[in-house]
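Student: Pasting a structure here, questions to come.
The values are calculated or read from the model by the stated rules, or taken from the named source; none is laboratory data. Just so you know, these numbers come straight off a predicted model, no measurement behind them. Every residue, glycine among them, receives a Cβ derived from its backbone with ideal geometry; neighbour counts consider all protein chains shown. Note: accessible area is taken over every heavy atom of the protein model, side chains too, but ligands, DNA and RNA are not part of it. Shrake-Rupley method; radii C 1.70, N 1.55, O 1.52, S 1.80 Å.
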Amino acid sequence: MRAEWDDRYADRHRLWSGRPNGALVAEVAGLTPGRVLDVGCGEGADAVWLARGGWDVTALEVSGVALERAAGHARDAGVAVRWVHAELTEAALPPASFDLVSAQYPALLRTPGAAAERALLAAVAPGGVLLLVHHAGMDTRQTHDGGFDPADYVWPSMVAALLDDDWRVEVDEQRPRVAPEGGAGTHHTDDLVLRARRLR
C-alpha cells in the first residue's frame, strides 16, 4: 500500500488541488475547534486548513512522499501539524481522544474483522464527531482495468452499520460535491457524507 501511493504521488508534482475539501469545510463550520485526526491527509490541504482554523491537528498518511509535501505546505503556512506515517490500522493513536475524526475519500482496505471501520470509531472522543466523506457511486462500480475493486474498500454504509446506541447519526446523505478546481478526482460529482456524534 505504501509503495503504491508513493508511486502515485511521485508521478505528479501535485496530485490534489491544494485546497480543503468542500464537505469538510461545510461540516466543520459549526464545530468548536479541538483535537482532530485527519485520516489519509495526502498533501495536507485539509490539515493546514484545520490548523489555520485553530484545530490541534494530527494528520495520518501512508505515503511518505505525500507527507513530505504536506509538511512543506504546513511550514509555508506557518502552522503546526503532528504528522503520522502509517496506515490507520497500524497507527499508535490514543483511543477516544479526538474531537473530530475526518476521513475525506479514504482508501481504507476492508478486513474480515472490520479493522479500519473500528479504528475510525475508536479514535473519536465522547462528544466528538466522525466525518466520513466518499465519492457516491464508487461502491457499486465493477472492477476496472486499473485493478480497482470496490469490494476491497471501506464505504460509509459499512461504518454506519457499526454504529450503536453510543452514537447519534447527524448526517447520512448523498449530496452534490463542492469540488476544489484542479487535482485528481474532479470528475466525481456527488458525495456520500456520514457525520456521527459519539454520545459516550
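Student: Of the numbered conditions (1) surrounded by 15 or more Cβ atoms within 10 Å (Cβ to Cβ); (2) farther than 19 Å from residue 22 by Cα; (3) under 14 Å from the mean Cα position of the chain (by Cα); (4) of a type outside the set (Asp, Glu), residue 109 fails exactly one; give the number of that condition.
Tutor: With (1) surrounded by 15 or more Cβ atoms within 10 Å (Cβ to Cβ); (2) farther than 19 Å from residue 22 by Cα; (3) under 14 Å from the mean Cα position of the chain (by Cα); (4) of a type outside the set (Asp, Glu) applied to residue 109, the lone miss is (1).
Student: If you go through region 80-87 one residue at a time, do you hit one that is at pLDDT below 95, within 21 Å of residue 155 (Cβ to Cβ) and not basic (Lys, Arg)?
Tutor: There is at least one residue in region 80-87 that is at pLDDT below 95, within 21 Å of residue 155 (Cβ to Cβ) and not basic (Lys, Arg).
Student: While we're here: Search region 1-47 for residues being of a type in the set (Phe, Trp, Tyr) and open to solvent by 30 Å² or more (accessible area, probe 1.4 Å), and hand back the single one that is modelled with the lowest pLDDT. Show your work before the answer.
Tutor: Within region 1-47, the first condition is being of a type in the set (Phe, Trp, Tyr), and the residues that meet it are 5, 9, 16.
From the residues that got through so far, the ones that are open to solvent by 30 Å² or more (accessible area, probe 1.4 Å) too are 5, 16.
On the way: 5: 61, 16: 49.
Result: 16.
Student: Could you give every pair whose Cβ atoms fall below 8 Å, whose first residue belongs to region 103-124 and is without any contact (Cβ under 8 Å) to a residue 60 or more places away in the chain, and whose second residue is surrounded by fewer than 16 Cβ atoms within 10 Å (Cβ to Cβ) and in a helix (DSSP H, G or I), counting only separations of at least 6 or pairs across chains?
Tutor: 110/151; 110/152; 111/89; 115/89; 116/89; 119/89
Student: Among the residues of region 15-31, which ones are touching a residue at least 24 places away in the same chain (Cβ under 8 Å) and farther than 16 Å from residue 107 by Cα?
Tutor: Filtering region 15-31 down to residues touching a residue at least 24 places away in the same chain (Cβ under 8 Å) leaves 15-28, 31.
Scanning region 15-31 gives 17, 18, 19, 20, 22, 23, 24, 25, 26, 27, 28, 31.
Student: Hey, does region 142-165 have a residue that's open to solvent by 70 Å² or more (accessible area, probe 1.4 Å), modelled with pLDDT under 95 and in contact with a helix residue (DSSP H, G or I) (Cβ under 6 Å, 6 or more places away or on another chain)?
Tutor: no
Student: Would you point out which residue out of 97, 63 is farther than 28 Å from residue 3 by Cβ, under 17 Å from the mean Cα position of the chain (by Cα) and of a type in the set (Ser, Thr, Tyr)?
Tutor: Details: 63 fails: farther than 28 Å from residue 3 by Cβ.
Answer to the check: 97.
Student: So which residues in region 32-44 are in contact (Cβ under 8 Å) with a residue 60 or more places away in the chain and within 13 Å of the chain's Cα centre (by Cα), if there are any at all?
Tutor: Residues satisfying the conditions are 36, 37, 38, 39, 40.
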